[in-house]
Each structure stands twice: as C-alpha cells, then as structure tokens.
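The block underneath contains the structure these notes are about, expressed in structure tokens.
The values are calculated or read from the model by the stated rules, or taken from the named source; none is laboratory data. Note that the coordinates shown come from a computational prediction; the quantities given were computed from them, not determined experimentally. Cβ sites come from the backbone with ideal geometry, for glycine too, and all protein chains shown count toward neighbours.
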Amino acid sequence: MSSRHRRGIARWGFCWFLWGFWRIGAACPTSCTCSATRISCTDQVAGLSAFPVLQSDINKEDIEEIYIANQGRFYTMDDNDLKFYLNLRNLTVTDTQLASISPNAFVNNAKLHYLNLKDNKLPALSWRTFHNLNLSHLILTGNPLRCSCENMWIRQWQGPESENQDLHCVEEGGGTKLLSQSTPPDCIPPTATVSPSNITQMAGSDVTVTCRATGAPVPKLAWNTSILATASEQEDASELQSRLILSNLSFVDNGREITCSAENMAGLTEASAFLNIQFPASILQLLDPIPDHHWCIPFTMVGNPKPQLQWLHDGELIPDHEYIWTKIHDSTNNEYNGCLQLQTPTHLNNGQYTLQAKNAYGEDEKTVSAVFMDPIDEDVGTVTPPPEHEDSVAAYVVVGIAAVAFTGFVLMVVILKFEKISKFCLKGCSSGISNDDDSASPLHHVSNGNNTPSSSEMGADAVMIGMTKIPVIENPQYFRSTGAMLKSHTFVQHIKRHNIVLKRELGEGAFGKVFLAECYNLSPNQEKILVAVKTLKEASENGRTDFQREAELLTNLQHEHIVTFYGVCVEAEPLIMVFEYMKHGDLNKFLRAHGPDAVLMEGQHCMQVELTQPQMLHIAQQIAAGMVYLASQHFVHRDLATRNCLVGENLLVKIGDFGMSRDVYSTDYYRVGGHTMLPIRWMPPESIMYRKFTTESDVWSLGVVLWEIFTYGKQPWYQLSNNEVIECITQGRVLQRPRPCPKEVYDLMLGCWQREPHMRLNIKEIHTLLQNLSLWTYSALETRVEILVLFCSDVKTMKCCYGPLLLLPCCSFMKNFESRGQLCTYSAAQEKWC
C-alpha cells in the first residue's frame, strides 16, 4: 500500500471521528457535556429545569453514566425521564432542588446499580420506586427525609452503604433524629404465610391455599396466578386472610409456585406454595431413528414421579451397555427428552423397538420400526452343488470321458517335461507342484490403472492377494500380461545351497515354510548374516515360472522401507528365496506387545515399554515412505496391514509379506466360497464390491494401518462379524478415532477413507503430513527427554535436536564415523555414544 493511500485512509478515518463527535455534541443539552457513554451536567449558568435528554435516539442506549450537580432549577424526575437510557448503570443527582421521584421513574433501568441522591430536597421515597432495581449503592444523606412510615423501608434496606450512612429524619416538630431510631406509630412492615406451603396432589384434584398477613397499616393481599394453567378463584375471608381455590389441577403446573404478596407503605413481602402434582407416565412421542454421532431413537415422555424406562427389541429386553444405552438430553419438571443411543448398529439391530415408561400411577408404551442396515444375504460367496443325476448310464459316460481326458493330460505333461527347461532349473531337476499352492508376488504391477497378475493365473480361477493365490470371481482387469513391465536386464542373484544353514522355523504358509537361517558369503563385510528363508513345498512348471517372475520383481524393488530380497537358491528342491531378517517380527505382534494389553498376549512374560505417540508416528511415516516408493514403481500391494510389515532393530519398519499371515491371522480374512480369502477389514468399497485394486485402494488400507498403530494392533471392526463389516464399509461407515490418536492423524485417516477413490489423499501427501507431524512431536518433547540425537546430511553440515531415543535417522556425522541408514544416539546422562 502506498504512503499516499495510507494518508488518504487516515484522513477519512479522522473525518469520521470528527463527524461522530460532532453528532454527539449536537445532540447534547446546552448545559451539559456529552461523550459516547456519559452525560455530565454541572453548568450552573445555563442550568437544567428538566432531566437531560439527548436530541438523537441513536445515542441514548449507549449512555451508561449520568452526572447532574449544582442545578438550582431541577425539581423532579418523572416516569419518562429515564425510559430511553436502557443501559444506564450509574446515576448521580446531587446538590439540586430535586424534591420528588415518581414510583415508576426507574422501571426501564434494570441495569442501574449505583444511585447517588445526596444533598437534595427529598422528604420521602417510596419503596415501590426501587423495587425492581438490584442496587449495590444507594446514597441518601443530606436529604430532609421525614420520620414517617413511608421512609421506614430505608432502614431495612441491606445495601453495603446503608450501615455507614448517617441518615437523619425530620420529626413533626422540626427536630431531627437518626432514621434508625425513628419509630412512627402504626407502622409495621408486612409479613405473609401460606398454607399448605407444599401441595402434593394428583392431577385433576381440587385444592385450597390460604394466605395470612400481618402489618400496619393493614397490608393489601394479592395472588399471582398468571403462570398457572389450572383454573383458580380468590376469596377474601378478612382483611388479613385470603384463600385461593384451585380446580382440576393440571399436570402442566407441576413444579410451579403460587405466590401471595402483602404490601403497605412500610414495605412488601411475599410467600409461596410449591405445587407437586403427580400424574401417570405417558410417552408423548417416539420417533424414527436418526443418524447422529451415534444412532438415536428420540422420545419424549412425561410423568411425576419420574418414570422408569426400559426398551425391548423384537420383544426382548435390552439392558444398557457399552453400545446401546438410554440418554436423557433435556428435562423439565414434567417432560423428559432423550434418545436410545446405538453405537455402530448393524443389520442385527434392525427390528421393532418398544419403549415402556412406568411410575406409581400408570404406564405407557410405544413402538417404532428401525432399519439401520439392509439385511445381509448369507448365501453370498457360496457354491451351489450340482444336482445329483439318477441316470447311471450318464454317470458311466462321464467316467469314461474323464478317463480319456486324464490319459491325454498325462501325455501332455510328459511332452512338456522334455521340451521345456526353466532358466532356473539345472540338469536333472524335476517339477511336481500343483497349481493351487504355487507362489506369487506380494506386489502387483499397475499399467494404465489395471492390475496384472502372474503368468500362471488360470483364467478366472485365481487372483493374487499378498503372496497367496486365491480364487475369485472373474474380472478381466486382473488378467493382463506383465512381462513387458519387468526390466529385461534384471539379474537375480543365485545363492549356493551350502551357504545356507537353517536355524529354526519361523512360520508356515500355504506356499511352504519360513526359516531363520545363517547365510555365508552374502556380504563382503560380514562372513555370515541372519536371513529369513522362504521355501516352496513343490515346484511345477507353472510354479517355477511364478517363482522366476517373483524373484525378478523383488530384485527390482529396492527401498529402505521394503524388506530386502537377497536372491534365490534353485540347486535342488525345495526352491528357496532369501530375504532380510527382521528381528522383532511382524508389526502387529510388536504393537500388541508394546501396548496397554501386552500382559494378555500369550507367551508375554516380561513387561515391555509402551510405545509413545512419537514412536507411533515414526512407524507410520516409514510405512508411508515404503508405499510412496511402491506407487512410484506402479505397484499395488492389495494386502497392506500391520501383520504384513516387519520390525527390525532401532524401530526400523519395512513392508514385506511372506504369506504366513493367512494362517497366523486367519480371522483377519473373509473366506468366500470355501477358498477365496479377502482382507475385507482393510479393503475399500470398490475392492469389496468389484474386486478393483489400485493405488487408491492401497491408500484406504494405509488409513486402516494408521488406525491399527494407534490402537496398539487391535483388529479393525473387532466388535463386528465379517458380514457386518462388509455392510458397514459398503454403506459408508468408518472406524472411530482411537483414544491415543491425535486429531490431526485421525483427520488424515478420514482423508484415506473417502468413498470416491479420486477424493482420497495422495500417498505423497500422506507421507509429507506424517513427516511434519512426527517432527512437530519431536519439537514438543524437547524439554522432556534426556537423549541427544544428532543427524546430518553429510559430515560438513550438522544439525542437532532433542528427541526420544531411537527415533531420528542419520546419514553420517562426527569425524570418521559412518552409520548409513541407522539411528545415531548420544546419551547426555552418560556422556557417551550408545
């Protein structure tokens, strides 16, 4: 903005200020000075003959203080003088000729709390003038108050200034005395009592209430029945006693009060009777369920005493528990508004809901129909057996055809055996593995948005999820050749059998077993290293082809957060793949072992340190980094879950899948038709309904992985069956925020779970957000940790920060120290590298 422009704005602002000040001044009376909130009238020359009134209605409501002093012609304040000053808080009228104030002078000034009427000519003040005010200060000294009954209320006034004021009054003879010592004849402040004071009757009854009063002069009795719905009639038995007859009590008046007032010139008093009207329970409305934070079946009921509630679902009593409970949101003396709250209801919760309300005087019930989910077809995914044929001749024909086909199949296998030799097979190697158990890649190449399986997939029989081949419904999207996607120059390292020494079995999957082994001559810097060895049970021709393709694919995938593939051993059966060994096993078990429920895990004998929020973020951003790499290589994982991630030293996490998870974590998979196993709890709607797997479906799975991390490895939708999970996901429901999960991370999860794939977060965005959150968390912990972590991009540039132990990666640091890809820590307490 230019300086010229700024000067122009300043001039306009100054002009507006002057114009506003001029308007206030123009509206102000001639003997007064005015500001936006205050009027002060002290000019004796011009003088006031009436209460000052601004000429403009715009400014009157802004006035909070009025000060009037030294006015020799100011005599009275009437009903209209103050009616426009609605926000008046302080009023001072002193050293004037003020001699009278009307009873309704302050009726519009409910905010007035300071009133100074010192040194005026007031002989009397009625309590009615100040009855509606909540005054903190009332100053009356210097006024010629009469020692009459009409001023006796002043000495009973309980303001903070009343005890300190030296108030005198003028007697009939002209003498003065302290107002507190004045006792005018026939002047007794009124009293009132009501009987009965607590009326407990049934609705529809009649009742009579009596009010008795004392005082002098004789007080006037009055009943306030304006708020009652019940018909009433007043009878005056005498001057000091009045009866109120209530006919056909209405339940609407329950909890209300009937007020009897007694007043004379000495003051006012009130007494009340409380109405406790009892009536039967009644349900006014029971509405259809509405989705809110939880599902809610709204209801409104009345009753006194308060009704007891119970719910029935299809005739069965529903007790309150963690997922279904009754909640009263709002209540009055008569009416209760609430909901039957249902957390994550499924089709099993569909049906008739009956609300029963009951108290000592009656009961009521209403029923509403609720449909939370469409019923699930239990026959989905099952195979219908073929009808039995009673014609024995047809059976013989079938057997004959089968025998001929089998003979032809055997001849074809023999021919292929001698004509085709795999480039992985040495002389004399044989094959003999069935198609059902051959291995396939855990990762799948994407070309133009389409998924491409291995060459061994037979038509519509199979699709690859993770490292296990499962049969699914035919979808042409899966069955396209990927030979062109693999690099033509890929070289798979061959490892000699005698260099592999098996140590112990780690697990078993459909393909075979996984062993912990020592591998010699694999690294030039180490004589031997620990590796994980994956074996195949048998090897058919197709199985060998898949084995070759998977080895080539894994050789091409090289990233710090993808489990390293070292090579193969094909000298003899079983065929072997050699992978990096991750010491702490799969991430799911690791999370459970380092969570609040670790003691419940089988074989957990010692207490593990619970994972912190920064460590969880560190794990999450490593998995996201691996997925960014896979997406850049146009590969889709299809089975991303914590059970398929591995944990190594120093909280290093890598994506990998040896295919064991379908046995160890069988409850995580949904079996369709007896063979197909789908990880539906990690799958988006399009993958469940159409078997469509893309990078966007991996993003959905990554959101579920984040949920797993922040629940310490809980199973998603653990409270629901597989059928219920399918219904939840396809109808647009998502997992709830875990307790230890920051809002920012849950917002990220929601970004992964958008129903439309193109609306989901990009995998690079997710990785960047997690990195930023992780760094922010480290910064927040600076003053709470004792470990100094140094990390730098090279030896010359060094950057230091404080953070939890084993969290920040480094490349190289200090003098001749190299630690590429590891975590470098320094203990400030021990002053040494650790």
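Screening the stretch 552-579 for residues that are farther than 17 Å from His494 by Cβ and at pLDDT below 90 and picking the one that is surrounded by the most Cβ atoms within 10 Å (Cβ to Cβ) gives Leu557. Residues that are β-branched (Val, Ile, Thr), modelled with pLDDT of 75 or more and farther than 22 Å from Leu591 by Cα within the stretch 636-690 comprise Val636, Ile688, listed in sequence order. Just one of (1) in a strand (DSSP E or B); (2) exposed (fewer than 13 other Cβ atoms within 10 Å of the Cβ); (3) of a type in the set (A, V, I, L, M) fails for Ile199. It is (2). For first residues located in the stretch 216-230 and polar (S, T, N, Q), partners that are assigned to a loop (DSSP other than H, G, I, E, B) and lie 6+ apart or on another chain with Cβ distances below 6 Å form the pairs Thr230/Leu249; Thr230/Ser250. Would you mind stating whether Glu150 is surrounded by fewer than 17 Cβ atoms within 10 Å (Cβ to Cβ) and at negative phi? Judged against the criteria, Glu150 is not a match.
Is there a residue in the stretch 121-129 that is more than 19 Å from Glu65 (Cβ to Cβ) and at pLDDT below 85? Scanning the stretch 121-129 turns up no residue that is more than 19 Å from Glu65 (Cβ to Cβ) and at pLDDT below 85. Note on the stretch 312-322: residues that are touching a strand residue (DSSP E or B) at 6+ places or on another chain (Cβ under 7 Å) and assigned to a loop (DSSP other than H, G, I, E, B) total 2.
In the stretch 319-327, the count of residues that are within 14 Å of Cys339 (Cβ to Cβ) and touching a Gly at 6+ places or on another chain (Cβ under 6 Å) is one or more.
Remark: Ala532 falls outside the filter, which requires a residue to be of a type in the set (A, V, I, L, M) and either over 13 Å from Gly656 (Cβ atoms) or not assigned by TED's automatic domain parsing to the domain that holds Val636 (or both). What is the number of the single condition among (1) outside any loop (DSSP other than H, G, I, E, B); (2) under 24 Å from Pro291 (Cα atoms); (3) modelled with pLDDT under 90 that Cys728 does not meet? Only one criterion is unmet by Cys728, namely (3). I'd like the residue in the stretch 44-63 that is surrounded by fewer than 18 Cβ atoms within 10 Å (Cβ to Cβ) and in contact with a strand residue (DSSP E or B) (Cβ under 8 Å, 6 or more places away or on another chain) and, out of all such residues, is nearest to Asn109 (Cα to Cα). Here the answer is Gly47.
Against the condition without any contact (Cβ under 8 Å) to a residue 12 or more places away in the chain and either assigned by TED's automatic domain parsing to the domain that holds Asp597 or closer than 16 Å to Leu640 by Cβ (or both), how does Tyr718 come out, does it pass? The answer is yes for Tyr718. Just to be sure, is Leu646 in contact with a helix residue (DSSP H, G or I) (Cβ under 8 Å, 6 or more places away or on another chain) and farther than 10 Å from His561 by Cα? Considered against the rule, which asks whether it is in contact with a helix residue (DSSP H, G or I) (Cβ under 8 Å, 6 or more places away or on another chain) and farther than 10 Å from His561 by Cα, Leu646 comes out as no. Just one of the numbered conditions (1) under 52 Å from the mean Cα position of the chain (by Cα); (2) modelled with pLDDT of 85 or more; (3) charged (D, E, K, R) is not true of Arg6: (2). Of the residues contained in the stretch 103-116, none is found to be in contact (Cβ under 8 Å) with a residue 60 or more places away in the chain, on the phi < 0 side of the Ramachandran plot and under 57 Å from the mean Cα position of the chain (by Cα). Of the residues in the stretch 164-187, at least one is surrounded by 19 or more Cβ atoms within 10 Å (Cβ to Cβ), among the small types (Gly, Ala, Ser) and in a loop (DSSP other than H, G, I, E, B).
A single entry from Ser247, Ser242, Ser261 fulfils the requirement of being surrounded by fewer than 19 Cβ atoms within 10 Å (Cβ to Cβ), among the hydroxyl-bearing types (Ser, Thr, Tyr) and in the same structural domain as Thr225 (by TED's automatic domain parsing): Ser247. Can you name every residue in the stretch 241-272 that is in contact (Cβ under 8 Å) with a residue 60 or more places away in the chain, part of a strand (DSSP E or B) and within 46 Å of the chain's Cα centre (by Cα)? Within the stretch 241-272, Ile258 is the sole residue that qualifies.
Evaluated against (1) out of contact with any helix residue (DSSP H, G or I) (no Cβ under 8 Å at 6 or more places or on another chain); (2) crowded, with 17+ Cβ neighbours inside 10 Å, Val705 falls short on exactly one condition, (1).
Evaluated against (1) under 19 Å from the mean Cα position of the chain (by Cα); (2) modelled with pLDDT under 90, Cys741 falls short on exactly one condition, (2).
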